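Working notes for the structure below.
The values are calculated or read from the model by the stated rules, or taken from the named source; none is laboratory data. Everything numeric here is computed off the predicted structure, so don't read it as measured data. No Cβ is skipped: glycine too gets one built from the backbone with ideal geometry, and neighbour counts run over all protein chains shown. The protein model used for the area step is the full one, side chains on, heavy atoms only, and it has no ligands, DNA or RNA in it. Shrake-Rupley method; radii C 1.70, N 1.55, O 1.52, S 1.80 Å.
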Amino acid sequence: MTDPVLSLTDVSLRLDGNAGPVDILHDISLKVETGETVGLIGPSGSGKSSLLMVLGGLERASSGQVLALGHDLTRLDEDALARFRRDHMGVVFQSFHLIPTMTALENVATPLELAGAADAFERAEAELVAVGLADRVHHYPSQMSGGEQQRVALARAAAPRPALLLADEPTGNLDGSTGEAIMDLLFGLRDRHGATLVLVTHSRELAARCDRVVRLRDGRIESDSATAPREAAE
């Protein structure tokens, strides 16, 4: 049996707040297998996004161990973590995080250039075509709708062919029909590139499409089901 692509053991996260330290995650243990699609659900403040950030090395666990593709993220410094994300992870946020002074093509090509890809612009254009933006390649974010900007963000995340694809509320800022289209694209990218997908969502429809659903409450795993629940994600 192959090792899991992600493995968390007794992970806790404590962050400094205005009133002092705040415990966000408590003794989380979780394994994600290669090619699996996992939805993180739960009420607001349950720790979903914080857990995703720990999985991506964007927040450092206060205790416990975080293994991603065999690398112990808790032992890597910030530069090594940045290189690891560049080489192995694609991350999609709710608020797009596009560079406003760059065109769609430049936004997608820049991470590829930083990784040393000689065909950065060719690959970037191919990904934009794949998400339905062939006619928006040279447009700036301000010239695109929210749904189009999220398509650019998806193309940027997928272009390096990451082994891990992380998404934090990828449809949260979009209307229903646009969000459904983004869901189709997200799972299509997963299928096309064979990436392991972990996503945070409040969407019942999006959670139901995952292979497995992990529900959090108060910074702890409340349930872990191989079958998506029928009830709405809170």
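Quick one: if the Förster radius is 25 Å, what FRET efficiency do L15 and E113 give, using the C-beta to C-beta distance and rounding to 0.05?
Numbers: r = 33 Å, r/R0 = 1.33.
Calculated transfer efficiency: 0.15.
Length gained on full extension, H139 to E33: 34.4 nm, using 0.36 nm per residue less the C-alpha separation.
Under the rule a/c < 1.5 gives rounded, and otherwise a/b versus b/c splits prolate from oblate, where does the stretch 137-212 land using the Cα gyration tensor? Oblate, since a/c reaches 1.5 and b/c is not below a/b.
When the label point is put 7 Å from the Cα of E122 along its Cα-to-beta-carbon vector, which residues of the stretch 182-209 have a backbone N closer than 13 Å? Counting backbone N atoms under 13 Å from the label point, the list is empty.
Taking a ≥ b ≥ c as the square roots of the eigenvalues of the Cα gyration tensor, the chain is prolate, since a/c reaches 1.5 or more and a/b is larger than b/c. From its DSSP helices (H runs of at least four residues, each -39,500 (n - 2.57)), the chain gives a residue-normalised ellipticity at 222 nm of -10000 deg cm²/dmol. The distance separating the Cα centre of the stretch 86-151 from that of the stretch 32-60 comes to 24 Å.
Please state the relative contact order of the chain as a whole percent: Cα pairs under 8 Å, 6+ residues apart?
Details: 465 pairs, mean separation 62.8, N = 234.
Relative CO of the chain lands at 27 percent.
Ligands, DNA and RNA aside, F93 has an accessible area near 50 Å² when probed at 1.4 Å. Here the simple spin-label model places points 7 Å from the Cα toward Cβ, and for A82 and E205 these points are separated by 3.9 nm.
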